[in-house]
1. Among the listed pairs LYS319/LYS437; LYS117/LYS194; LYS117/LYS416; LYS248/LYS437; LYS96/LYS321, give every one whose C-alpha distance is greater than 25 Å.
2. For the chain, just run the numbers: alpha carbon Rg, then divide by 2.2 N^0.38 Å, N being how many residues it has.
3. Using the crude model of +1 on Lys and Arg Cβ and -1 on Asp and Glu Cβ, and no other charge, please compute the dipole size for the stretch 360-452 relative to its Cα centre, in debye to 20.
4. Can you list, bin by bin at 5 Å, the percent of alpha carbon pairs in the stretch 245-447, starting at 0?
5. Round to the nearest 10 and give me the degree value, 0 to 90, for the angle of helix 126-141's Cα axis relative to the longest principal axis of the chain.
6. Rounding to the nearest 20 debye, state how big the charge dipole of the chain is about its Cα centre with +1 on each Lys and Arg Cβ and -1 on each Asp and Glu Cβ.
7. Per 10 Å bin from zero, what fraction in whole % of the C-alpha pairs of the stretch 341-385 is there, up to the bin with the longest pair?
8. Two decimals is fine: what is log10 I(q)/I(0) at q = 0.12, 0.18 Å⁻¹ for the stretch 105-263, from a Debye sum with one equal scatterer on every Cα and no solvent?
Amino acid sequence: GMVLQEPTGAPSLSTAAGGVTDATAEVQLSRLRWVVLLLFSSYSLCNAFQWIQYGSINNVFGHFYDVSTFAIDWLSMSYMIIYIPLLFPVAWLLDKRGLRLIALAGSGLNAMGAWVKLGSLKPHLFPVTVLGQVICALAQVFILGMPSRIASVWFGSHEVSTACSIAVFGNQLGIAAGFLVPPVLIPNVEDVEKLAYHISIMFFMTAGVASALFILVIIVFKEKPPNPPSQAQASIQSRPTADYSYMKSILCLLRNANFLLLMVTYGLNVGCFYALSTLLNRMVTHHYPGEEVNAGRIGLTIILSGMVGALISGIWLDKTKTYKQTTLVVYIMSLVGMIVYTFTLSLGHLWVVFVTAGSLGFFMTGYLPLGFEFAAELTYPESEGTSSGLLNVSAQIFGIAFTIGQGQIMDRFGTKAGNLLLCSFLFLGTIITAFIKADLRRQQASLENEQT
């Protein structure tokens with residue numbers, strides 16, 4: 001890209017007017033970008049851990065609070081329900097007030113929710129744990145749509161997809177920890193007082209980590225780098241604020257046919273993942289009684305293999321820019337993985353479940369950053385926070401529907417019937433993905449700027 005050369009001692013365009021005033025302003029990468037990315041990934045991890053920490057040992061928490069398994073499922077679904085109405089105000093806030101305020105709100109609410117849960121260490125205090133989970137669900141609204149925005153504001157065009165993958169990584173690693181840690185820390189014992197002691201250890205650890213991360217965000221997290229990292233970002237930053245209308249941006253996105261198709265397909269895929277994660281403990285312990293710890297390890301396997309898939313897909317996109325083809329291949333493999341998992345779950349061999357769940361996770365979880373980055377390409381120059389937010393709303397709506405629907409089907413007809421429901425919707429999503437056109441607007445803008 002073109003770099004503006006300025007006389008020695010003259011203030012740069014990016015500082016003289018309190019912001020970039022020209023799309024040809026100096027493009028430069030900041031060393032702080034990796035610190036910002038790591039910090040975001042860390043508090044996103046902590047929030048995701050709090051999402052699944054109840055569901056991964058559903059039966060144990062159900063016994064402790066003396067509530068149904070469906071009531072514990074609702075603790076996970078609260079994240080999905082709260083996200084839907086609050087997305088638009090938070091996305092508006094992100095565009096008006098920027099990254100730093102959103103980061104402070106997300107990490108602060110996450111810490112607050114963790115401390116509230118510490119007040120729910122008695123069986124009759126289930127409403128207090130619900131309140132703590134609702135506060136953590138509020139925090140998630142300030143976290144979930146951030147990866148593509150952080151990637152585009154802080155990272156160059158050659159590393160933006162990889163950065164987005166790493167940002168999504170944190171959330172996935174948190175879910176992995178949420179599957180692994182609770183079954184290890186909280187054994188399935190009858191004695192309620194012993195259970196309260198083990199639960200308190202997990203809640204204290206979570207609150208300590210969440211508080212430390214909030215303090216680090218206050219100290220370290222910056223709004224944006226001194227100079228734009230890419231010509232595409234310089235062009236956006238040079239646009240006068242008066243030219244931007246939030247409602248106009250949303251309407252523009254909702255008129256974009258390719259983005260609407262992606263919204264549906266993203267919602268179907270990630271909604272299936274949410275349902276699978278929430279109900280995994282029930283599925284595994286139904287076929288393998290007493291295997292709560294291995295149910296957690298299977299969840300961990302799904303997430304870890306998915307993180308590898310996400311990283312590989314991010315690097316692949318940065319190298320090839322084949323967004324449509326990669327998305328379609330990953331979607332087809334998610335469907336194949338789900339079908340294989342469905343028909344091998346009941347074979348009676350846990351090692352088979354580990355293998356099939358791992359291969360399913362590689363593609364299904366690896367799809368998450370793909371969707372964000374494909375959306376950013378299809379909708380440029382609209383805000384990545386808004387496009388990511390709409391994708392997440394779609395995922396939450398389908399996630400709630402699939403979790404309730406699959407849970408009810410499992411109770412009445414068994415786990416295979418419940419999983420076949422997810423297979424049918426993944427098949428539908430694969431068909432719709434084939435109709436999305438690869439209208440890569442962000443790539444086109446970068447090429448035009450370079451030619452200019």
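1. Cα-Cα > 25 Å for LYS117/LYS416; LYS96/LYS321; rest within.
2. That ratio works out to 0.99.
3. Computed charge dipole of the stretch 360-452: roughly 500 debye.
4. Reading the bins upward from 0: 1, 8, 16, 19, 19, 14, 10, 7, 4, 2, 1, 0.
5. 20
6. Approximately 200 debye in magnitude.
7. Calculated over all Cα pairs of the stretch 341-385, the distribution is 25, 30, 20, 17, 8, 0 percent.
8. Normalising to I(0) and taking log10 leaves -0.73, -1.22.
The values are calculated or read from the model by the stated rules, or taken from the named source; none is laboratory data. This is a predicted model, so every value here is computed, not measured. Positions of Cβ are generated from backbone atoms using ideal geometry, with glycine treated the same way; all protein chains shown enter the neighbour counts. Note: accessible area is taken over every heavy atom of the protein model, side chains too, but ligands, DNA and RNA are not part of it. Shrake-Rupley method; radii C 1.70, N 1.55, O 1.52, S 1.80 Å.
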